[in-house]
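Structure record follows, encoded as structure tokens.
Since every read-out is calculated from the coordinates, none of them should be taken as a lab result. On a predicted model such as this, the values are computed, not experimentally measured, just so you know. For neighbour counting, all protein chains shown are included, and Cβ atoms are generated from backbone atoms with ideal geometry for every residue, glycine included.
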């Protein structure tokens, strides 16, 4: 057994977890017991958190068989969000993107049917600005993904626009709130809720050197302090939850096991605020 379940329960309307779970360095960091096999990591993770954001679905198109096998490795009430594959967000092949959407929808169907899929995360790169061609592509992408629970993370500041938020609200698509380095070209940290069904927050860390691709730095190598988490716990998350029936929060600063450490600390803070039941 990895850990006893904390107050961050799958039955809560506010769920805290991590972006990914299959990291060998988490064994060294003490998140998983020594010798934990990769195939056992999800079960071990699920003893500590009620939800996970799947990362591998960004790197390659999943299959229904893989998704179904994976969800069965976790408890029945365990929940998932899944990133949209990068061939639909970063390395877009206009000749096959619609075909890839069909394949992706088929792949996540087992989780959708079991009620375990909370959202599909459309993570867009910093280079994806609000130009006419990209606005058109995103609108078409959302049209073709209609029917799935969708959340969009913008990384270019040009999308921080009331017209964008209004369109997402009209479509009932969740705008992802981000905590990331304060760099001028990045999307700002906002607590805007565009979908009453779901608020979605991602903590990437504030390692500006890593995000600027400086040598010997990793963008997600970061450990949040209590002072940095406190405004989220005491103000922003509470305000967002007043506008959404459900909320999910993920820590993406996975290097050296900071993500689960910071996630558990945020759970403690939110429990003190009464946002998570004790």
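Things to note:
- R0 of 51 Å, Cβ-Cβ distance residue 209-residue 76: FRET efficiency to nearest 0.05: 0.75
- Shape call, the chain: gyration tensor on alpha carbons, a/c limit 1.5: rounded
- Mean Cβ count within 10 Å, highest first, over the residues of peptides 40-53, 142-155, 99-112: 40-53, 142-155, 99-112
- Size of the range 9-66 from its Cα atoms: along the principal axes, largest to smallest, the extents are 31, 30, 17 Å.
- Estimated at 0.36 nm per residue, the fully extended path between residue 192 and residue 239 surpasses their Cα-Cα distance by 16.0 nm.
- When Rg and Dmax are taken over the Cα atoms of the range 1-120, they come to 15.2, 48 Å.
- Residues residue 223 and residue 109, FRET efficiency given R0 of 41 Å [Cβ-Cβ distance, rounded to 0.05]: 0.60
- Cα gyration tensor, the range 121-278 - rounded (a/c under 1.5), prolate or oblate: oblate
- When only alpha carbons are used to place a centre, the range 180-217 and the range 78-105 end up 22 Å from one another.
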